[in-house]
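J.: Dumping the structure here so I can ask a few things about it.
The values are calculated or read from the model by the stated rules, or taken from the named source; none is laboratory data. Here the structure is a predicted model, which is why all the values come from computation and not from measurement. Here Cβ is always computed from backbone atoms with ideal geometry, including for glycine, and neighbour counts include all displayed protein chains. Calculation scope for accessible area: heavy atoms of the full protein, side chains included, ligands and nucleic acids excluded. Shrake-Rupley method; radii C 1.70, N 1.55, O 1.52, S 1.80 Å.
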Amino acid sequence: MNAVRVYDLPTRVFHWSFAGLFVAAYAIANLVDDESARFAWHMLAGLMLGLAVLLRLVWGVIGTRHARWADLRLDPRQLAGYLKGVVAGGGRRWAGHNPASSWAALAMLALALGLGGTGLAMASGTGPEWVEEVHELAANAFLVVALLHVAGLLVHVLRHRDGLPLSMLSGRKRDLPADEASVPARPFVALLLLAVLVVAGGSLANGYQPATGTLDLFGTRLVLGEAGDADEAHAGRGEAGEHAEDEADDD
């Protein structure tokens, strides 16, 4: 049976950009000392991850059939039936996201939005102390969901041997019903998506000030590194010193 294109190119570009940006941000956060100037790249990758999610939210409304949110299978009964089929063999073939990948996608997108929100709160200095703990919890929860997703794919492949993971590379699946039609590839939208990510990434990198560890984002000053904290502390000490000198003059 001929393979049918079920995932358009923008969906696949987002999928791998999303995965790569999370891996980069998580690796930097855990392998680079937070006092290092390189730690700022963790936050820059996090900003890019948030942007990718926003773009995916839009594409989930206007994209092709299996890219849309309406195509996600979130009925718990369908999830139970799918998992039973993976373990016992057989079961329905899903053209788009199967119930397990639907729940995984929804969870990871929600966690990514949470990571972006808490990260911005920390960098802008507007969040309470517990925000950092929530940020770390969300990051670890994201990793757990991602690993479960990969493990599920491996179990599926071993059981069905249908090359399911390759569908996010080629966009195609086989062994689908004969009336399942291919979706359009939408290469120009994929190029636009890549262009937006590249331009935004370059703009963020150029706007970052390593000397102060800060980035101005839409008028909000974000502190991305310890250099910025040190600079603010130095400024605070300077103001305190000036205040002390003024009091001495008054005496």
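J.: At residue 57 and residue 121, where each label point lies 7 Å from the Cα along Cα→Cβ, what is the point-to-point distance in nanometres?
T.: Output for this residue pair reads 1.6 nm.
J.: Please work out how much length the chain gains when fully extended from residue 211 to residue 133, using 0.36 nm per residue of separation minus the C-alpha to C-alpha distance, in nm with one decimal.
T.: Contour length minus the Cα-Cα distance gives 25.3 nm.
J.: Ignoring any ligand, DNA or RNA, what whole percent of the accessible area of region 39-157 comes from carbon and sulfur when the probe is 1.4 angstrom?
T.: It is 72 percent, rounded to a whole number.
J.: Please say if region 128-204 is rounded, prolate or oblate, where rounded means a/c under 1.5 for a ≥ b ≥ c the square roots of the C-alpha gyration tensor eigenvalues, and otherwise the choice is prolate for a/b larger than b/c and oblate otherwise? It would help to have the intermediate numbers written out before the result.
T.: Working: a/c = 3.40, a/b = 1.30, b/c = 2.61.
Since a/c reaches 1.5 but b/c is at least a/b, the shape of region 128-204 is classed as oblate.
J.: What are the principal axis extents of the Cα atoms in region 55-183, in Å, biggest first?
T.: Here the spans come out as 56, 33, 27 Å, largest first.
J.: Would you mind counting up the charge near residue 12? Only other residues with Cβ under 14 Å from its Cβ, with Lys and Arg at +1 and Asp and Glu at -1.
T.: For residues surrounding residue 12, the net value is +4.
J.: Using a 1.4 angstrom probe, figure out how much accessible area region 5-61 has per residue, in square angstrom, rounded to the nearest whole.
T.: Numbers: 2600 Å² over 57 residues.
I get 46 Å² per residue for region 5-61.
J.: While we're looking at this one, here's another question. With each label point set 7 Å from Cα along the Cα-Cβ vector, what nm distance links residue 113 and residue 32?
T.: For the pair residue 113/residue 32, the computed spacing is 2.8 nm.
J.: Using only the Cα atoms, work out Rg/Rh for region 1-114, with Rh taken as the Kirkwood radius, to two decimals.
T.: We get a ratio of 1.07 for region 1-114.
J.: Taking amide hydrogens as modeled 1.01 Å from N in the peptide plane, which residues meet the under 5 Å criterion relative to residue 222, leaving out close sequence neighbours?
T.: When sequence neighbours closer than 5 places are left aside, the close amide H contacts are 215, 216, 217.
J.: Now for a separate question. When the helix-only estimate is applied to the chain (DSSP H runs of n ≥ 4, each -39,500 (n - 2.57), divided by the residue count), what is the mean residue ellipticity at 222 nm, nearest 500 deg cm²/dmol?
T.: -23000 deg cm²/dmol
J.: Can you list the DSSP H helices in the chain whose Cα atoms extend at least 15 Å along the helix axis and whose mean Kyte-Doolittle hydropathy is 0.0 or higher? Mind dumping the intermediate values first?
T.: Numbers: long enough: 9-31 (32 Å, 1.08); 40-62 (34 Å, 1.83); 76-88 (18 Å, 0.31); 99-124 (38 Å, 1.30); 130-160 (45 Å, 1.14); 187-207 (30 Å, 2.02); 226-250 (36 Å, -1.54).
Span-like helices in the chain: 9-31, 40-62, 76-88, 99-124, 130-160, 187-207.
J.: What order, most packed first, do the peptides 167-179, 113-125 have when packing is the mean number of other Cβ atoms within 10 Å of each residue?
T.: 113-125, 167-179
J.: What do you get for GluC sites (Glu not before Pro) in region 79-138 restricted to DSSP loop and a cutoff of at most 13 other Cβ within 10 Å of the site's Cβ?
T.: Those that pass, being in a loop and sparsely packed, are 129.
J.: Whole number please: convex hull volume per residue of the Cα set in region 82-137, in Å³?
T.: Taking only Cα atoms, region 82-137 has a hull volume of 76 Å³ per residue.
J.: Assuming a viscosity of 1.002 mPa s and a temperature of 20 °C, what translational diffusion coefficient in µm² per second does Stokes-Einstein assign to the chain, Rh being the Kirkwood radius over Cα pairs?
T.: Translational diffusion coefficient: 104 µm²/s.
J.: Per 0.36 nm of contour for each residue apart, how much would the distance between residue 162 and residue 83 grow if the chain were fully extended, relative to their Cα-Cα spacing?
T.: Values: separation 79, 0.36 × 79 = 28.44 nm, distance 1.62 nm.
So the chain would gain 26.8 nm between residue 162 and residue 83.
J.: Let's test the formula: R0 of 41 Å, r as the Cβ-Cβ distance of residue 73 and residue 200. What FRET efficiency results, to the nearest 0.05? Don't skip to the end; give the middle numbers.
T.: Working: r = 32 Å, r/R0 = 0.77.
Using R0 = 41 Å, I get an efficiency of 0.80.
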